[in-house]
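Taking it in order: structure first as structure tokens, then the write-up.
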Amino acid sequence: MNDWVDAEQHVERAHELYDAGRWDEAETELRQALSLNPYQAEWYFNLGLTLEAAGRHNDAATAFAQCFNLHLEHDRPDANSALLAGGNLVRADQPESALEWFDKALALEPMNITIFVHRIEALNDLERHEEAEEVFYLGQQIDPSHGELYSAIAESLMKTNHTDRAVWCLREAARLDPELPRVRARLASAYAKAGRLERARQLYLRELRTDPGDLDTLLDLGELLMDMHRYTEAGEKFRRVLELEPDEPDAHFLLGELAEHEQRIADALVHYDVVIRLDKDYPAVRQRLARVLQLRARDEDAPRIRDLLGRENRGLLFKDAEETIESRKPAIEDLEEVAGLLLDASMTTEAIKLYEAMILRRPSNHRAHHGLSVAMLEAQHIAEGIAAAKETLRLQPKFVPAMHNLALAYLRENQWIRARYWVGQALQLEPDDAPLRRLRMKLRVHSTLIVVIWTHRKARALTRTLWSLVARPVRKPA
């Protein structure tokens, strides 16, 4: 009896701490209550809410799953706990597992439109956009005026570049539910993607009039202003974010990007260094910092550049033992930039590995094959470099840099005729390319020298022959 009373007291204190926003202490109280009485599904539900509020979505999903299983043991299955377990798994980047929980929730409440919304979100993360659209139409049959449903499918449409349809869905979502969180900001993002930048700016400003302290909207507006070349205003927005949240890494990163664009190298270094201190795993910050250090061009920066790029390269290839570049799919642009920086830092072995990983991910990427060709040639693997350049031209027959590289490679091999052929092919496409014209001049000089040398040798041979005829000893008759 005392254990039951103690457990209840722990739960009451947990409620008070939850209301005060003291999530860690609330979790401790709930876990103590559950250690005394582990069969209370409602307490697991409260634990899930507490962990969700603290941003610990994996743990929250586990708590909601335990709540669901306890209800199931007592023949009282609860769709809400299954829905919340799935929702937290989506936020924890586990959309495949989330779908299983949504299926359980849907089996219990087939008319619950919220389940359809979360299913679309999970399918978006899995890039299963056709299925997401099917779920949208099924949800429409249940509630055709549900704003969140339109908002969720708009995300899928944006990812598949159906921008006009996404704009329409977000406008419909705003009409049906004007209080939908950040709906105007998301509509602004869609307009920006469609190229209507001024309309997007106006919508962001409307959103900020409603919620002046929304950090995400301030950051999005700042990025839009950068795209509009309104750099002073963009900087003001990012600094406003730092006034509200001094340790916001996104604002520091964007201020670094802005400083880099304006050639303020020292300021860019400061902001990127702050980002690394705040979040060592922040995407792309190491490559940006390495790029800025390369622009500064100081010999003492070389060891740090190599260290930064080495860490970034390892992070791209293997974030952990179970994850590879194929499973995480970072942006191709980021991979290309890191590989280029590796080449600039003379880290050709690492660059080769990264280009090979890019080709494995997307075999038809001619730029990756070209980069591999450059890396191989710089590493003095001439045959492999030639093969990669030819594969580039197979995929993109008019890619002039690959032709240029082939000409240089054949020059190293003293295959002058083949080098001349590729220079000629490249100049047909780019007749004003200065490096190609210089290379053509070099080849012409070489051809002229060959002719001169050949002529000189022939002339010497002929001279010797004539001299031997003229200067032959004459025998006197007996």
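The values are calculated or read from the model by the stated rules, or taken from the named source; none is laboratory data. Keep in mind that what you see is a predicted model, and the values were worked out from it rather than measured. Please note: Cβ atoms are built from the backbone with ideal geometry, for glycine as well, and neighbour counts cover all protein chains shown.
Before moving on, here are some points about what is shown:
- Taking each residue of the range 18-38 that is acidic (Asp, Glu) and looking for partners that are surrounded by 12 or more Cβ atoms within 10 Å (Cβ to Cβ) with beta-carbon atoms closer than 6 Å, six or more apart or interchain, yields GLU25/LEU17; GLU27/THR50; GLU29/HIS10; GLU29/ARG13; GLU29/ALA14.
- So ALA194, is it touching a Ser or Thr at 6+ places or on another chain (Cβ under 9 Å) and modelled with pLDDT under 90: yes
- Selection within the range 99-115 - farther than 12 Å from GLY86 by Cα and not charged (D, E, K, R): ALA107, LEU108, PRO110, MET111, ASN112, ILE113
- In the range 178-201 there is at least one residue matching the filter, namely being within 30 Å of PHE136 (Cα to Cα), crowded, with 16+ Cβ neighbours inside 10 Å, of a type in the set (A, V, I, L, M, F, W, C) and more than 26 Å from the chain's Cα centre (by Cα).
Okay, residues lined up against (1) among the polar types (S, T, N, Q); (2) touching a Pro at 6+ places or on another chain (Cβ under 8 Å); (3) more than 20 Å from GLU378 (Cβ to Cβ):
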| residue | (1), (2), (3) |
| --- | --- |
| PRO397 | no, no, yes |
| PRO401 | no, no, no |
| HIS404 | no, yes, no |
| ALA409 | no, no, no |
| ASN414 | yes, no, no |
| TYR421 | no, no, yes |
| ALA426 | no, no, no |
| ASP432 | no, no, yes |
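- Among the residues of the range 123-137, the ones that are in a helix (DSSP H, G or I), acidic (Asp, Glu) and under 27 Å from the mean Cα position of the chain (by Cα) come to 4 in all.
- Scanning the range 275-288 for residues that are in a helix (DSSP H, G or I) and free of Cβ contacts under 8 Å to residues at least 24 places away in the same chain, we see that the one that is farthest from VAL338 (Cα to Cα) is ARG277.
- 3 or more residues without any contact (Cβ under 8 Å) to a residue 12 or more places away in the chain and either surrounded by 22 or more Cβ atoms within 10 Å (Cβ to Cβ) or touching a helix residue (DSSP H, G or I) at 6+ places or on another chain (Cβ under 7 Å) (or both): qualifying helices (runs of 4 or more DSSP H) within the range 328-388: none
- Listed by first and then second residue, the pairs with beta-carbon distance under 6 Å, at least 6 apart or on different chains, first residue in the range 52-67 and under 16 Å from SER97 (Cα atoms), second assigned to a helix (DSSP H, G or I) and among the basic types (Lys, Arg), are HIS57/ARG91.
- For the condition out of contact with any strand residue (DSSP E or B) (no Cβ under 7 Å at 6 or more places or on another chain), more than 23 Å from GLU262 (Cα to Cα), among the acidic types (Asp, Glu) and in a helix (DSSP H, G or I), ASP216 qualifies.
- All positions within the range 138-193 that are part of a loop (DSSP other than H, G, I, E, B) and out of contact with any helix residue (DSSP H, G or I) (no Cβ under 8 Å at 6 or more places or on another chain): PRO144, ASN161, HIS162, PRO178, GLU179, PRO181
- Count of residues meeting criterion [assigned to a helix (DSSP H, G or I) and surrounded by fewer than 23 Cβ atoms within 10 Å (Cβ to Cβ)] in the range 242-261: 11
- Qualifying residues in the range 412-431 (those that are in a helix (DSSP H, G or I), touching a residue at least 24 places away in the same chain (Cβ under 8 Å) and of a type outside the set (Lys, Arg)) - the one farthest from ARG444 (Cα to Cα): LEU429
- Residue-level check: of (1) assigned to a helix (DSSP H, G or I); (2) farther than 27 Å from ARG186 by Cβ; (3) free of Cβ contacts under 8 Å to residues at least 12 places away in the same chain, PRO110 misses just (1).
To keep it simple, each residue is scored yes or no on (1) charged (D, E, K, R); (2) touching a Phe, Trp or Tyr at 6+ places or on another chain (Cβ under 6 Å).
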{"residue": "GLY195", "(1), (2)": "no, no"}
{"residue": "LEU215", "(1), (2)": "no, no"}
{"residue": "MET226", "(1), (2)": "no, no"}
{"residue": "GLU236", "(1), (2)": "yes, no"}
{"residue": "PRO249", "(1), (2)": "no, yes"}
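- Test set (1) more than 16 Å from LEU106 (Cβ to Cβ); (2) in contact with an Asp or Glu (Cβ under 8 Å, 6 or more places away or on another chain) - ARG56 fails condition number: (2)
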